[in-house]
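Participant: Just passing along the structure, written as structure tokens.
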Amino acid sequence: YANNPELLSTHIFGHTKAAFTGADKELKGILEEANGGFLFLDEIHRLPPEGQEKLFLFMDKGIFSRIGESNRTRKSTVRLIFATTERIDSCILDTFLRRIPIIITMPVLSDRPVEERYELILNLFKREAVSLNRGLNISKQVIKALLTANYKGNVGELENVIKLTCARSYSNF
């Protein structure tokens, strides 16, 4: 979506036939598909300002239009949950931000207590041991390296490092 933010809007709101090149049929968006439920939108900072304004209207009035519709509005009842890895004040419109009733800021991995990071590392290794159906022996040096490393991708990157480490070890075994 980074190179085509309108594609993200199409997935959220849907589109009409012939709304753009390649739109050969109508498409329901995930707002319609999630009617009556919850919708989790990750990487919300990738939504362009126009898409944020459309979501603002939906959050305010419960209505939206598919891409390519100019004279029809649709209704849906959806609880929205958003996530972003960016600072929200740098990528989210103020008008949109004011409609979000609860904002939870999670500390980055490096700001969490060492005990929490240690438990997370152990749990990720345990998960890999189950996945590989093998016992694992992890040296103190590896644990120390994992505890002190800086992960730009936070927990996801730590998880990938551990998976890769286990996969390499398994292939060498």
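Participant: Could you sort Arg72, Arg66 by their accessible area in this structure, using a 1.4 Å probe and putting the largest first? Kindly include the intermediate steps, with their values, before the conclusion.
Facilitator: On the way: Arg72 120, Arg66 15 Å².
Order by accessible area, largest first: Arg72, Arg66.
Participant: Turning to a different aspect of this structure: By how many degrees, 0 to 90 and rounded to 10, does the Cα axis of helix 49-61 deviate from the longest principal axis of the chain?
Facilitator: Tilt of helix 49-61: around 70 degrees.
Participant: For the stretch 38-171, what is the Kirkwood estimate of the hydrodynamic radius, computed as the reciprocal of the mean inverse distance between distinct Cα atoms, to one decimal in Å? Walk me through the numbers before you get to the answer.
Facilitator: On the way: mean 1/r = 0.0550 Å⁻¹.
When all Cα pairs of the stretch 38-171 are included, the Kirkwood radius is 18.2 Å.
Participant: Here is a further query. When the convex hull of the Cα atoms of the stretch 1-64 is projected onto a plane and the area is averaged over all directions, what value comes out in nm²?
Facilitator: On the way: hull surface 18.2 nm².
For the Cα atoms of the stretch 1-64, the hull's average projected area reads 4.6 nm².
Participant: For the pair Ala18 and Leu57, what calculated FRET efficiency results from E = 1/(1 + (r/R0)^6), where r is the Cβ-Cβ distance and R0 = 35 Å, to the nearest 0.05? Kindly include the intermediate steps, with their values, before the conclusion.
Facilitator: Numbers: r = 23 Å, r/R0 = 0.67.
Calculated value: 0.90.
Participant: Excluding same-chain pairs closer than 8 in sequence, count the lysine pairs in the chain whose Cα atoms lie under 27 Å apart.
Facilitator: Lysine pairs meeting the criterion: 21.
Participant: Also: Tabulate in residue order the Karplus-calculated ³J(HN,Hα) for the stretch 91-104, using 6.51 cos²θ - 1.76 cosθ + 1.60 with θ = phi - 60°, rounded to whole Hz; enter x for Gly and Pro.
Facilitator: Those phi angles translate into 9, 10, 4, 4, 5, 6, 4, 5, 8, 8, x, 10, 10, 10 Hz.
Participant: In sequence order, what are the phi-derived ³J(HN,Hα) couplings for the stretch 67-82 according to the Karplus relation 6.51 cos²θ - 1.76 cosθ + 1.60 with θ = phi - 60°, rounded to whole Hz, with x for glycine and proline?
Facilitator: Result, ordered by residue: 4, x, 9, 10, 10, 9, 10, 10, 10, 7, 10, 9, 8, 9, 10, 10 Hz.
Participant: Considering only DSSP beta bridges with both partners in the chain, what is the antiparallel share in %, to the nearest 5? Walk me through the numbers on the way to the answer.
Facilitator: Numbers: 4 of 9 bridges.
If I count the DSSP bridges inside the chain, around 45 percent turn out antiparallel.
Participant: Something else about it: How do Tyr151, Tyr118 stack up against each other in accessible area, from largest to smallest, with a 1.4 angstrom probe? Could you put the intermediate results ahead of the total?
Facilitator: Numbers: Tyr151 25, Tyr118 95 Å².
Largest accessible area first, the list is Tyr118, Tyr151.
Participant: Students sometimes get this wrong: rank Cys166, Cys91 by accessible area, probe 1.4 Å, all chains present, largest first. Please report the intermediate quantities before stating the final value.
Facilitator: Numbers: Cys166 5, Cys91 30 Å².
So the residues, ranked largest to smallest area, are Cys91, Cys166.
The values are calculated or read from the model by the stated rules, or taken from the named source; none is laboratory data. Here the structure is a predicted model, which is why all the values come from computation and not from measurement. Glycine gets a Cβ as well: all are built from the backbone with ideal geometry, and neighbour counts include every protein chain shown. The accessibility values were calculated without ligands, DNA or RNA, using every heavy atom of the protein model including side chains. Shrake-Rupley method; radii C 1.70, N 1.55, O 1.52, S 1.80 Å.
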